[in-house]
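Below is one structure, written out as structure tokens; the observations come after it.
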Amino acid sequence: MSAHGAAALSTAELVAILLETGTCSASALDIARALLAGDPREGRPAGLRHLAEMSCHELQKFPGVGPAKAAKLKAALELGRRLAGSSLGRPQIRSPADAGQLLMEEMRYLDREHFRVILLNTRNHVIGVDRVSVGSLASSVVHPREVFKTALARSAAAVILVHNHPSGDPTPSREDLDVTGRLVQAGRLLGVEVLDHIIIGDNAFVSLRERGAWGA
């Protein structure tokens, strides 16, 4: 790594550096490969997504990974998420892709449906992201009162609705379409325009406005 830089290392080698040491029977690289191997029985894909989805308790089930190493791995993954989502100043939303990428790395690995609202000023600059609710594996219950409460308090001119599908498939459900229609109507009554509803999957997203699934 010192000679060639971090980009020259494989994912397993980078994880091995965080682990620092192995066990009597396995090197740090062996443990890293096991951590990244995934679990087909549980439907978990191999790679960083599998690692990111595991809790500290689950990480400690691997031989050679104790509380300190598990905490170090989770801290490194969280720093990566925060860096991916950070930007200088107030980002401006010019397209559905801008909105999707703003929250993609933060939301693509969540194991429950989370509903968030991007708050925008009159020039579509982001003035905040409100975490509205956390649901079950398959749904997130939202009420217009909670969706627009922070938007009204911060005098947002418009909002973009965002939620994730833990399955990784961002295809909208009937419930997604119904909720969107209700929230678009509520926004009109309150004077806060709902510009779009973004559904985030695993490195993919769907814009309901682009799909034409919008309240009339």
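Sum up the charges of everything whose Cβ sits under 14 Å from the Cβ of residue 209, counting Lys and Arg as +1 and Asp and Glu as -1, but leave residue 209 out.
On the way: positive: 94, 211; negative: 98, 176, 193, 196, 210.
Its environment carries a net charge of -3.
Counting other beta carbons within 10 Å of each Cβ, put 165, 4 in order, fewest first.
Working: 165 25, 4 8.
Arranged by neighbour count, lowest to highest, 165, 4 become 4, 165.
Just to confirm my numbers, what's the Cα centroid distance between the range 58-119 and the range 142-164 in Å?
Using only Cα atoms to place each centre, the spacing works out to 21 Å.
Taking every eigenvalue of the Cα gyration tensor of the chain, multiplying by 5 and rooting it, what semi-axes result, largest first, whole Å?
Values: eigenvalues 294, 68, 40 Å².
In descending order, the three semi-axes are 38, 18, 14 Å.
How much length would be gained if the chain were fully extended between residue 55 and residue 171, taking 0.36 nm per residue of separation minus their Cα-Cα distance, in nm to one decimal?
Gain on extension, residue 55 to residue 171, equals 39.1 nm.
Taking the simple approach of a point 7 Å from Cα along Cα-to-Cβ for both residue 203 and residue 143, what is their distance in nm?
3.9
Please report the antiparallel percentage of the DSSP beta bridges confined to the chain, to the nearest 5.
Values: 18 of 25 bridges.
Among the beta bridges of the chain, antiparallel pairing accounts for roughly 70 percent.
For the range 8-84, restrict the atom set to alpha-carbon positions and state the Rg and Dmax in Å.
Over the range 8-84's Cα set, Rg and Dmax evaluate to 11.8, 36 Å.
Which value in nm describes the separation of the simple spin-label points at residue 189 and residue 154, placed 7 Å from the Cα toward the beta carbon?
Taking the two extended label points, one gets 2.4 nm.
Based on other C-beta atoms within 10 Å, arrange 198, 93 from fewest to most. All intermediate terms of the calculation are to be shown ahead of the outcome.
Working: 198 29, 93 20.
Fewest-to-most ranking of 198, 93: 93, 198.
Take 180, 122, 150 and order them by how many other Cβ atoms sit within 10 Å, fewest up front. Walk me through the numbers on the way to the answer.
Details: 180 21, 122 9, 150 17.
In increasing order of surrounding Cβ atoms, one gets 122, 150, 180.
Values in this text are rule-based calculations from the coordinates and carry no lab data. What you are looking at is a predicted structure, and each value in this text was computed from that prediction instead of being measured. Ideal geometry is used to build each Cβ from the backbone, glycine not excepted, and the neighbour counts take in all protein chains shown.
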